[in-house]
1. Looking at the stretch 51-67, is at least one residue over 21 Å from Thr40 (Cβ atoms) and assigned to a helix (DSSP H, G or I)?
2. Val46: over 12 Å from the mean Cα position of the chain (by Cα) and touching a residue at least 12 places away in the same chain (Cβ under 8 Å), yes or no?
3. Output the residue which, of all residues in the stretch 75-100 that are in contact (Cβ under 8 Å) with a residue 24 or more places away in the chain and small (Gly, Ala, Ser), is surrounded by the most Cβ atoms within 10 Å (Cβ to Cβ).
4. Looking only at the stretch 62-100, which residues are within 13 Å of the chain's Cα centre (by Cα) and over 11 Å from Gly31 (Cα atoms)?
5. Out of Thr20, Thr37, which single residue is polar (S, T, N, Q) and either at pLDDT below 95 or not in a helix (DSSP H, G or I) (or both)?
6. For the stretch 51-74, give me the residue count where each residue is exposed (fewer than 12 other Cβ atoms within 10 Å of the Cβ) and touching a residue at least 24 places away in the same chain (Cβ under 8 Å).
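The values are calculated or read from the model by the stated rules, or taken from the named source; none is laboratory data. Because the structure is a prediction, the values reported are computed rather than measured. Positions of Cβ are generated from backbone atoms using ideal geometry, with glycine treated the same way; all protein chains shown enter the neighbour counts.
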Amino acid sequence: MTDTLTFLPAALSGPWPLLTFGALLLGYAGGVAHFRTLETVARGIVAGRPSAVLLQLLRLVALAALLGGLALLGAVPLIAGAGGVLLGRRRVLARAQGAS
C-alpha cells in the first residue's frame, strides 16, 4: 500500500499529464476534422469528382500522421490521441443526427 502512495505522485509529476491531455485534445481536433470532411468526400465520390478521392487520401494520411506522431511519443499519448479521435467522431455523429 505504501508503494502505491509513493508511486502515484511520482507518476503524476513531470510532463506526462500535460502530454497526455495535449494528445487527447490533438486527437479530438483531428477526429472532428476527419469525420466532418467525410460527408464532403462521400458526396464528391457519388458525384464522380476525382478531387474527392484526393481528399479521402489526404484525410487518411493526416490521421495516420497524427497517430504515428503520437506513437513516437509513447503508448499513453497514442491511446489518449486515439480516444480523442473517437470523442471527435462521437461529436460529429451526434451533431449530424441532431440536424436530420
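1. Yes, some residue in the stretch 51-67 is over 21 Å from Thr40 (Cβ atoms) and assigned to a helix (DSSP H, G or I).
2. no
3. Gly81
4. If the condition is that a residue be within 13 Å of the chain's Cα centre (by Cα) and over 11 Å from Gly31 (Cα atoms), then Ala64, Ala65, Gly68, Gly69, Leu70, Ala71, Pro77, Leu78, Ile79, Ala80 are the ones that fit.
5. On inspection, the qualifying residue turns out to be Thr20.
6. 0
For (1) among the hydroxyl-bearing types (Ser, Thr, Tyr); (2) at pLDDT below 95; (3) touching a His at 6+ places or on another chain (Cβ under 6 Å), each residue gets a yes or a no:
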position: Leu60; (1), (2), (3): no, no, no
position: Leu63; (1), (2), (3): no, no, yes
position: Gly69; (1), (2), (3): no, no, no
position: Ala80; (1), (2), (3): no, no, no
position: Leu86; (1), (2), (3): no, no, no
position: Arg89; (1), (2), (3): no, no, no
position: Ser100; (1), (2), (3): yes, yes, no
